[in-house]
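Take a look at the structure set out below.
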Amino acid sequence: MAPFMAAAASFSPSSRAARASTPSPSTAGHFLSFRPRAPRGAALRAQMSTTDAAAAFSFSPSHAARASWPSPSTAAHFLSHRTRAPRGAAVRAQVSTTDAAAKPKKVSKKQEEGVVTNKYRPKEPYVGKCLLNTKITADDAPGETWHMVFSTEGEIPYREGQSIGVIADGEDKNGKPHKLRLYSIASSALGDFGDSKTVSLCVKRLVYTNDQGEIVKGVCSNFLCDLKPGADVQITGPVGKEMLMPKDPNATIIMLATGTGIAPFRSFLWKMFFEKHDDYKFNGLAWLFLGVPTSSSLLYKDEFEKMKVKAPENFRVDYAVSREQTNAQGEKMYIQTRMAEYKEELWELLKKDNTYVYMCGLKGMEKGIDDIMVSLAEKDGIDWFDYKKQLKKEEQWNVEVY
């Protein structure tokens, strides 16, 4: 891993309303004692700002004026008739400019400005080259995981938390090109070499035995894990906005990962602790929970240990090694089991409006975390599932699981 570690571095009032408020010449004699008045609503509308008038557009002045003005045959009745605008128009006219204005577009709390998506698509992918491909799990680990770096020459302007698609070489059983597979990007936007010209992935080789006893290899994962430096790679994307980092440099960011779900968080953490940016300096708390089956499966541990030394007040990491560790009750140490040891502290953090949770990896872990939080929320008279919905609405609960 040394090669890439070195990089750590107008509506205007309608004239029809005015015309409708003036009687025709044939009936003018009947109006000698009647003083023409514009409908009340029109007068009120004239006092409204352009924004207010636009908000009241559903009320048509021309229709209101025509409705409040009798035909010539009934003009005599106007001697005692007082023209009135519909009540709704008067009410709307009293609404303040702020209230009447169109609802402002919600501003994202994430680093979303200028984010590019789907620059490259399957029919016209970008062709990069493999620069580096290294196995990052030990030989005795249950399965292989590889870290790979591809050249982009700056043509795939991704952000931390996005993904790219990869199309494996060759054809499927029907003679058609393989479908793309999405992978979370494991490098910061600057890339492992710090020049914004590369993208990195963290990929586990998929090999399993089917019901017929046959060994099956995942097409794209094996293609990627077998790549040699210099080989071409068809890339699509970038895609995704769910996992983008918060704008707030003082935020608390809780990251929950299982296995290769660590990828987006490595990109976060490199930006936070291994890089210098003129417009971003992380001063908050980054707390990582990483779950793996064995200690030989721990990914990027050396990098995380260096981050702890570099920023002990800003970075915490807790590992959950299910086949080797247990809790006080003798239960296997899954990620939710490890989190349960800090449940009160985590709940207090989740009550704050600058705490963000990101989850990437196996789908099952979200239920385990729900199980922890339900009882804690109940103590405060809060329904956890309603609260989680609110967190999602506020972009503080972000999930990408498979």
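The values are calculated or read from the model by the stated rules, or taken from the named source; none is laboratory data. Please read all numbers here as calculations on a predicted model, not as lab measurements. All Cβ positions, even for glycine, are placed from backbone atoms using ideal geometry, and neighbour counts span all protein chains on display. Ligands, DNA and RNA are excluded from the accessible area calculation, which covers all protein heavy atoms including side chains. Shrake-Rupley method; radii C 1.70, N 1.55, O 1.52, S 1.80 Å.
Farthest towards the positive end of the charge dipole of the stretch 110-231, among the residues 122, 164, 138, is the Cα of 122, using unit charges on the Cβ of Lys, Arg, Asp and Glu. Note on the stretch 275-337 and the stretch 210-258: Cα centroid distance 19 Å, given to the nearest whole angstrom.
Averaging 1/r across all pairs of distinct Cα atoms in the stretch 250-402 and inverting the result yields a Kirkwood radius of 16.0 Å. Listed by chain and number, the aspartates and glutamates whose alpha-carbon sits under 13 Å from that of residue 106, ignoring those within fewer than 8 places in the same chain, are 394, 395.
Peptides 192-203, 322-333, 271-282, 241-252, ordered by how many other C-beta atoms sit within 10 Å of their residues on average, highest first, read 192-203, 241-252, 271-282, 322-333. Per-residue surface analysis assigns residue 151 an accessible area of about 20 Å², computed on protein heavy atoms at 1.4 Å probe radius. Summing charges over all other residues whose Cβ lies under 14 Å from the Cβ of residue 363, with Lys and Arg as +1 and Asp and Glu as -1, gives -2. Within the full protein context, the accessible area of residue 124 is estimated at about 140 Å² for a probe radius of 1.4 Å. Charge tally for residue 311 (other residues, Cβ to Cβ under 14 Å; Lys, Arg +1; Asp, Glu -1): +3.
Express the C-alpha Rg of the stretch 301-344 as a ratio against the empirical globular expectation 2.2 N^0.38 Å, rounded to two decimals.
Numbers: Rg = 12.4 Å, N = 44, 2.2 N^0.38 = 9.3 Å.
Compactness ratio reported: 1.34.
At full extension, residue 379 and residue 278 could sit 32.0 nm farther apart than now, given 0.36 nm per residue minus the alpha carbon distance.
By how many nm would the segment from residue 153 to residue 211 grow when fully extended, if each residue of separation counts as 0.36 nm and the alpha-carbon distance is taken off?
Working: separation 58, 0.36 × 58 = 20.88 nm, distance 4.41 nm.
Length gained, residue 153 through residue 211: 16.5 nm.
Estimated from the Cβ-Cβ distance and a Förster radius of 30 angstrom, the FRET efficiency linking residue 363 and residue 302 is about 0.55.
Each of 266, 205 has its accessible area taken with a 1.4 Å probe; listed largest first, they run 205, 266. With R₀ set to 30 Å, the beta-carbon distance separating residue 231 from residue 108 gives a calculated FRET efficiency near 0.20.
Which value, in Å², gives the accessible area per residue of the stretch 141-218 when a 1.4 Å probe is used on the protein heavy atoms? Could the numbers behind the result be given before it?
Values: 3820 Å² over 78 residues.
I get 49 Å² per residue for the stretch 141-218.
With the full set of protein chains in place, find how many percent of the accessible area of the stretch 319-390 is carbon and sulfur; take the probe as 1.4 Å.
Details: 1900 of 3960 Å².
Here it works out to 48 percent.
For the cross-link pairs 105/393; 105/392; 308/352, which exceed 21 Å when the distance is taken from alpha carbon to alpha carbon?
Details: 105/393 14 Å; 105/392 17 Å; 308/352 24 Å.
Flagged as over cut-off: 308/352.
The calculated FRET efficiency for residue 172 paired with residue 389, based on their beta-carbon distance and R0 = 41 Å, is about 0.55. Once both labels are positioned 7 Å from their Cα atoms along Cα-to-Cβ, the gap between residue 354 and residue 399 label points is 2.7 nm.
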